[in-house]
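Structure first, commentary second.
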Amino acid sequence: MTTRPDGRAADQLRPVSFQRDFTEMTPGSVLVTFGRTRVLCTVSVEDDIPRWLKGRGSGWVNAEYNMLPGSSPERVRRSLTNGRSQEIQRLIGRALRSVVDLVGLGEQNITVDCDVLQADGGTRTAAICGSYLALHDALSRMK
């Protein structure tokens, strides 16, 4: 059987773990580890919603995604948003909005920040999975 560079068999999954409540300053945070990939997902809640939603009685969930400097062998420059990051944060936001009752949320804006601490493949899926858990924890605490 063939082995991968990290020693796993070709059909063997990476070790996966989720450390909930990784930080103390937000209502939801998760450190996701997929093999050597590490993504920190945190949730912020604001009473201010996007202007186009004001008065509709609905909330909003959006996401921000970025690879931090030092997350890969080549230094990643800090940027507001590049095309890849923008595509991933839109994907995360759409995935999370599909499982949230936005009307039940009321006029609140939730932002999930996904910061890639170390990238070794699978950052997009790690960010989506960690975001969901962090959002779940935050919403459970908001009840």
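The values are calculated or read from the model by the stated rules, or taken from the named source; none is laboratory data. Because the structure is a prediction, the values reported are computed rather than measured. Quick reminder, even Gly has a Cβ in these numbers, built from the backbone with ideal geometry, and neighbours come from all protein chains shown. We work out accessible area using only protein heavy atoms, side chains counted, and drop any ligands, DNA or RNA first. Shrake-Rupley method; radii C 1.70, N 1.55, O 1.52, S 1.80 Å.
Contact map, segment 57-68: first residue β-branched (Val, Ile, Thr), second residue part of a strand (DSSP E or B) and surrounded by 19 or more Cβ atoms within 10 Å (Cβ to Cβ), Cβ cut-off under 8 Å, separation 6 or more or different chains; pairs are Val61/Ile110; Val61/Val112. Residues of segment 53-107 that are more than 18 Å from the chain's Cα centre (by Cα), of a type in the set (Val, Ile, Thr) and closer than 20 Å to Leu135 by Cβ: Val103 alone. Taking the criterion of being touching a residue at least 40 places away in the same chain (Cβ under 8 Å) and basic (Lys, Arg), would at least one residue in segment 134-143 satisfy it? Yes, that holds for at least one residue.
Listed by position, the helices (runs of 4 or more DSSP H) enclosed by segment 81-143 that each have at least 2 residues that are β-branched (Val, Ile, Thr) are 83-97, 123-142.
For Met67, state whether it is open to solvent by less than 60 Å² (accessible area, probe 1.4 Å) and under 24 Å from Thr123 (Cα atoms). Yes; evaluated as a whole, the condition is true for this residue. Inspect all residues belonging to segment 18-30 and state whether any of them is over 18 Å from Ala138 (Cβ atoms) and surrounded by 11 or more Cβ atoms within 10 Å (Cβ to Cβ). Taking every residue of segment 18-30 in turn, none turns out to be over 18 Å from Ala138 (Cβ atoms) and surrounded by 11 or more Cβ atoms within 10 Å (Cβ to Cβ). Close Cβ contacts (under 6 Å, 6 or more residues apart or on different chains) running from residues in segment 72-100 that are under 17 Å from Trp60 (Cα atoms) to residues that are modelled with pLDDT of 75 or more and open to solvent by 40 Å² or more (accessible area, probe 1.4 Å) comprise Gln89/Glu64; Ile92/Ile128; Gly93/Asn62; Ala95/Ile128. The set of residues from segment 42-51 being under 15 Å from Arg141 (Cβ atoms) and among the hydrophobic types (A, V, I, L, M, F, W, C) comprises Val43, Val45.
For segment 74-94, the criterion of a residue being more than 20 Å from Gly35 (Cα to Cα), surrounded by fewer than 17 Cβ atoms within 10 Å (Cβ to Cβ) and small (Gly, Ala, Ser) is satisfied by at least one position. Of the listed requirements (1) at pLDDT 90 or above; (2) farther than 26 Å from Arg141 by Cβ; (3) charged (D, E, K, R), Arg38 misses just one: (2). Put simply, of Thr125, Thr111 the only residue that is open to solvent by less than 30 Å² (accessible area, probe 1.4 Å), at pLDDT 95 or above and hydroxyl-bearing (Ser, Thr, Tyr) is Thr111.
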